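The values are calculated or read from the model by the stated rules, or taken from the named source; none is laboratory data. Source: prediction; values computed, not measured. Cβ coordinates were reconstructed from backbone atoms using ideal geometry, including for glycine residues, and neighbour counts include every protein chain displayed.
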Amino acid sequence: MEPSYLLSESECLLLLNPYEYRRLIGRLLYLTHTRSDISFAVHKLSHFISNPREPHMTTTLHVLRYLKGCPGLGLFFSHDNQIVIKSFSDLDWGTCIDSRRSITGYFVFMGNSLISWKSKKQSTVSRSSSEVKYKALASLVCELQWLQYLCHDLHTNIY
């Protein structure tokens, strides 16, 4: 899914059979546990599960065609001698057309393996991009602190 492609709750006609859309989104949500490459698109599409419209279903079918075209992609966990944690955080300020709320997310790698990721629409409307950056980084720091405690409990040194 193109990151700049904006979907809305009020564009076009409602689907005649929303059950099919909901079923597809449920299956795609389950698939995101091993296919992190579709997490962004499925996250966006799951916002419209209560009132799906034709562009939402078209985009969902596009995601299915992508999955059919590249079945070998997925998570890869490599064996490294040294445990190095790398993390990245990003935000999209006021991107939701309907609610004007921001979306934040992060990725955490251990070595070259992706071990944790999250994308979430903020519960309130932020007044500035600095406020959204602070919320995104605070969420990432909480995740890193939890991983640090976990590694300490497992008697593992992290760098």
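Observations
- Total residues in the stretch 33-66, condition of a type in the set (Phe, Trp, Tyr) and either in contact with a Gly (Cβ under 9 Å, 6 or more places away or on another chain) or exposed (fewer than 14 other Cβ atoms within 10 Å of the Cβ) (or both): 1
- Boolean, TYR30 is crowded, with 18+ Cβ neighbours inside 10 Å, farther than 24 Å from LEU91 by Cβ and either among the hydroxyl-bearing types (Ser, Thr, Tyr) or in contact with an Asp or Glu (Cβ under 8 Å, 6 or more places away or on another chain) (or both): no
- Annotation note: Cβ proximity below 6 Å between a residue of the stretch 135-159 that is closer than 18 Å to LEU114 by Cβ and a residue that is part of a helix (DSSP H, G or I) (sequence gap 6+ or interchain) occurs for ILE158/CYS151.
- The stretch 42-68 - residue that is among the aliphatic types (A, V, I, L, M) and in contact with a Ser or Thr (Cβ under 7 Å, 6 or more places away or on another chain) and, of those, nearest to SER116 (Cα to Cα): VAL42
- Strands (runs of 3 or more DSSP E) fully within the stretch 47-157 that include at least 1 residues being of a type in the set (Gly, Ala, Ser) and at pLDDT below 85: 103-110, 113-121.
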